[in-house]
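These notes concern the structure reproduced below.
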Amino acid sequence: MTADAVEAVEIGGALARLRRTTGLPVAFGGLVEPGRPRIRISELSGTTTAALRSLAVTSGSGLGGKAVALARPCAVTDYSSSRQISHEYDVPVAAEGIRAVLAVPVVVRRRVRGVLYGALRSARPLGDRTLGAAVAAARDVEQALAVRDEARGLLAAVGPEPAGTGRGAGWEQVREAHAALRALAPRIADPELRAELLAACGLLTAPPSAGGVTLAPRELDVLSWVAAGATNAAVAERLGLRPETVKGYLRSAMRKLGAHTRGEAVTTARRAGLLP
């Protein structure tokens, strides 16, 4: 599956969740086209026509274009008569029969990557609860895209150098990113995305030797940050743990690795293929 296809799946899943949590009859959305200031509507949920499919919405035009230009949510009670937006897309909107519409941008690192829309077939205000659910759905997509961006950047930073050598420009940044991604993984609700992220982390380490040491996930999380140079207090803050808990995980990892110091634990873990 291509990166664009994977991102479209994320949009589609967010639209389904948006309808389920709000009861909105219609939701649709799409991604910003590479190199162009517009989004392409690719995912539809609850629509009864194909009027909105593949519609290209230019930044600044219509409701979605306004959301893209301002990088913030926008909503209208009656699309066709609203004076808050331009009306380049009235024909497909009317063909689908939608009136009240909201548009929430998907923003990753200050760049709009897509837009999620929710709509009613009647002209009435969309309340704070509905807007909040739409924002939450957009945040889910943002998190998924940010994780994939980090994973791609992590793999690109490695370059052709064999994993586990510990040499070469950029490896300290790779190790820090590896630790950050592992820390993020437990917060991802989607099990497939979480597994994909951890698999990407695994590509940065050498294949484990048969009968080698096995660390628990949290032990490896702690050791990953220690390898990046973090103190116990910093590790605790990063992972949302108590400092005493971090010390306990670190002691356990050191015992399993047969190490007497933090540095020795990191070195042994790298040799065992547990860390990049």
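The values are calculated or read from the model by the stated rules, or taken from the named source; none is laboratory data. Since the model is a prediction, treat every value here as computed from it, not as a measurement. Backbone-built Cβ (ideal geometry, glycine too); neighbour counts: all protein chains shown.
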Among the residues of segment 61-81, is any hydroxyl-bearing (S, T, Y), farther than 24 Å from R111 by Cα, touching a Leu at 6+ places or on another chain (Cβ under 9 Å) and part of a loop (DSSP other than H, G, I, E, B)? yes
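When you scan segment 36-59, do you find a residue that is in a helix (DSSP H, G or I) and not basic (K, R), even just one?
Kept after step one, since they are in a helix (DSSP H, G or I), are these residues of segment 36-59: none.
The answer is no, given that none of the residues of segment 36-59 is in a helix (DSSP H, G or I) and not basic (K, R).
Any idea which of R238, R251 is surrounded by fewer than 14 Cβ atoms within 10 Å (Cβ to Cβ) and in the same structural domain as H178 (by TED's automatic domain parsing)?
Residue meeting the stated conditions: R251.
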Members of segment 112-127 found to be more than 12 Å from I39 (Cα to Cα), assigned to a strand (DSSP E or B) and either touching a helix residue (DSSP H, G or I) at 6+ places or on another chain (Cβ under 6 Å) or without any contact (Cβ under 8 Å) to a residue 12 or more places away in the chain (or both), listed by number: G118
Qualifying residues in segment 1-49 (those that are at pLDDT 85 or above and among the polar types (S, T, N, Q)) - the one nearest to I188 (Cα to Cα): T21
